[in-house]
Amino acid sequence: MFGFGGNPMHERVRSMAFSFKTSLFGLLIACMANVAWGDDLGALPETIKKWQDMRFGMFIHWGPVSLKGTEIGWSRGSVIPEKEYDALYKEFNPVLFNADEWVSVAKAAGMKYLIITSKHHDGFCLWPSKYTDYDIGETPFGRDVLKELSDACRKQGIRFGTYHSVCDWYHPDFPLGSPGGKTKKTNPNLDRYMKHLENQVTELITNYGPLSTMWFDVPQEVGPERGKPVEALVRRLQPDITINNRGYQGPSGDYDTPEQRVGAFNRDRPWETCMTICRQWAWKPNDTMKSKEECIQTLLLTVGGDGNLLFNVGPMPDGRIEPRQVDRLKEMGAWLAKHGNGVYGTRGGPFQPGRWGASTCKENKIFLYVMNWLKDGPLLLPPIDAKIIDDEMPGGLDAEVVQTTENISVHVPNENRDPIATVIELTVDCPAFDIEPAAVLYRSDSLAFGKKATASNVFQKMETYQPAMALDDNPETRWATDSGTSEAWMEVDLGEPLRIGSLMIDEPAEYKRIQAFELQALDGTTWKTFHSGTTIGPEWSLHFTPITIQRIRLRILKANEGPTIREFQVFAPSQ
Ligand code: H79
């Protein structure tokens, strides 16, 4: 029997951040409808390919809510009273808005397309719509943001697209209201609302198109029977448009949209990660911003998984993109100006992204982006069914690449490694895309790697959940304990006394269950605690005064469900 809250049988389920209420019946209808509609509902392969080739785009979340600095849509009726939120547009006057400047920033970042919130869940429209008075035309600003922006995009060679929320917590005809769709409207009419949605998407495509994408979001209450006609209308109005997968509940559109996380490697279904440069979608003063390293690595891990990255900024209420965000984006652009050949027009793989880094391919080239190395050792890649005939590094640096039937060993001396990503370009004797994609086992410097491990408990005594799984450098495998376990320990025998100065414990975010623990070292015959803590979580690390030990133990004193550990690594003190 399995308890609630996840257990080893429920491996990570990939899903969007929110769950659609899709009934089995609804799904059945969706499948039948798909058959009936045939291929008419999908973008043409060339359209998709062109869209994929761009790889990197700018997402913009903007509206009167920026005056408050709270989250767009979601703060309506929660942290900001509905009435106050809905009156903000009367003050919205972003006089420093300059469409050409925004588009230049996107361009300088190396982005190839731009998607802006024509309307978010709060219902406010960034263009003067014929079908509502709740729009930019009614603000003191009065200028048509979508017009200026779409013109600037066309002028500067950036594809333009719109994010248009399907749910609308403001519109009286949409059944759900703020906060977050939790309340109900008094007299809704979803069919009439769908007509309104059709009118507005028609306005968008007709007045601001051709669009790169119609980016729908959060189709609360909208199933395939209501959503498919809208999708069909969009494609009739502009056959070469792309549509994301959020127009209605159930499988839909041309591509998947993992949100705030890098999607998994997938060449079969196009995908695009949408992610914020800070924490909030809309502008927030002093919001925490991602580092240059994280921004660039996120792009590479996404592209290496064969996805696009739609990277979001929330402009300020005065109309400018925050200068520090502009600087960050320009840093990405500067990196891409040097290394963009391995990003644009490439496909992900053949070496799948992971802790080690990522790879892309184009024609006879494979681009390696190595992000984590062994201290002095080589990167070992799995063998491929192709011959490597050349290797190159930017700036004339040297990589040592040795290919055997067992593996491909890639070595770059420490001083030539780049902390963001060491780029190595391999030339192979066939189209690199034809090489079968393979995962890369990342080897750490852990002194515990492959050593002997014991534990108090193993989930159903299964081989696949032994404590050794926490010493194999493979985050796909883990030590797991029985459902209901609240106390447990695992012990590592390093084989001989070794000097250690730091360690890393990786407890999966989705099974973050440990609430109290101790780290102990065996000193003669007694276990001595050298660290006590509460929670652990993903890639938790600890540095301490170096000790020489042979046996080390993680003692879990309290967990709210059977604890599980992906990796347990210990390291020699850094010199
Ligand atoms: O437009 C952005 C989000 O507002 C929208 N999709 C992206 C592109 C989105 N709508 N719903 N969701 C995402 C899923 C819900 C996320 C939530 Fe939350 C987590 C709602 C409450 C907690 C994020 C964090 C929003 C408010 C706080």
Whichever residue in the range 99-118 is more than 18 Å from TRP335 (Cα to Cα) and more than 16 Å from the ligand (Cβ to nearest atom) and, among such residues, is surrounded by the most Cβ atoms within 10 Å (Cβ to Cβ) = TRP102
query = Applying the selection to the range 254-283, what residues are of a type in the set (Asp, Glu), buried (at least 19 other Cβ atoms within 10 Å of the Cβ) and more than 14 Å from the ligand (Cβ to nearest atom)?
reply = ASP254
request  = For the range 354-379, name all the residues that are farther than 19 Å from ALA399 by Cβ and at pLDDT 95 or above.
outcome  = GLU363
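Does LEU211 satisfy being in contact (Cβ under 8 Å) with a residue 40 or more places away in the chain, away from the ligand (no atom under 16 Å from the Cβ), hydrophobic (A, V, I, L, M, F, W, C) and part of a loop (DSSP other than H, G, I, E, B)? Don't jump to the end; show me each part of the working.
Details: in contact (Cβ under 8 Å) with a residue 40 or more places away in the chain: yes; away from the ligand (no atom under 16 Å from the Cβ): yes; hydrophobic (A, V, I, L, M, F, W, C): yes; part of a loop (DSSP other than H, G, I, E, B): yes.
Against the criterion (in contact (Cβ under 8 Å) with a residue 40 or more places away in the chain, away from the ligand (no atom under 16 Å from the Cβ), hydrophobic (A, V, I, L, M, F, W, C) and part of a loop (DSSP other than H, G, I, E, B)), LEU211 qualifies.
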ask   = Does GLU91 satisfy the condition of being within 14 Å of the ligand (Cβ to nearest atom) and more than 23 Å from GLU331 (Cβ to Cβ)?
value = no
Within the range 450-490, tally of residues that are part of a helix (DSSP H, G or I), touching a residue at least 24 places away in the same chain (Cβ under 8 Å) and touching a Gly at 6+ places or on another chain (Cβ under 9 Å) = 2
task = Inspect the range 64-78 for any residue being in a loop (DSSP other than H, G, I, E, B), within 16 Å of the ligand (Cβ to nearest atom), of a type in the set (S, T, N, Q) and touching a Phe, Trp or Tyr at 6+ places or on another chain (Cβ under 9 Å) and give the result as yes or no.
result = yes
message = Being surrounded by 23 or more Cβ atoms within 10 Å (Cβ to Cβ), within 16 Å of GLY110 (Cα to Cα) and away from the ligand (no atom under 15 Å from the Cβ): is that true of LEU300 here?
response = yes
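Of these, GLY26, GLY38, which one is in contact with a Gly (Cβ under 7 Å, 6 or more places away or on another chain), at pLDDT below 95 and assigned to a helix (DSSP H, G or I)?
GLY26
For the range 554-575, what are the residues that are among the hydrophobic types (A, V, I, L, M, F, W, C) and closer than 13 Å to SER456 by Cβ?
Result: LEU554, ILE556, LEU557, ALA559, ILE565.
Filter the range 387-422 down to residues that are in contact with an Asp or Glu (Cβ under 6 Å, 6 or more places away or on another chain) and surrounded by 11 or more Cβ atoms within 10 Å (Cβ to Cβ), then give me how many there are.
Filtering the range 387-422 down to residues in contact with an Asp or Glu (Cβ under 6 Å, 6 or more places away or on another chain) leaves 387, 389, 392, 399, 401, 411, 420.
Within this subset, residues satisfying the condition of being surrounded by 11 or more Cβ atoms within 10 Å (Cβ to Cβ) are 389, 392, 399, 401, 411, 420.
Here the count works out to 6.
Sort through TRP373, TRP356 and tell me the only one that's over 21 Å from the mean Cα position of the chain (by Cα) and among the aromatic types (Phe, Trp, Tyr). I'd like the intermediate steps shown before the answer.
Details: TRP356 fails: over 21 Å from the mean Cα position of the chain (by Cα).
Every option except TRP373 fails the conditions.
The values are calculated or read from the model by the stated rules, or taken from the named source; none is laboratory data. These figures come from a predicted structure and were not determined experimentally. Every residue, glycine as well, gets a Cβ built from its backbone with ideal geometry; the counts of neighbours run over all protein chains shown.
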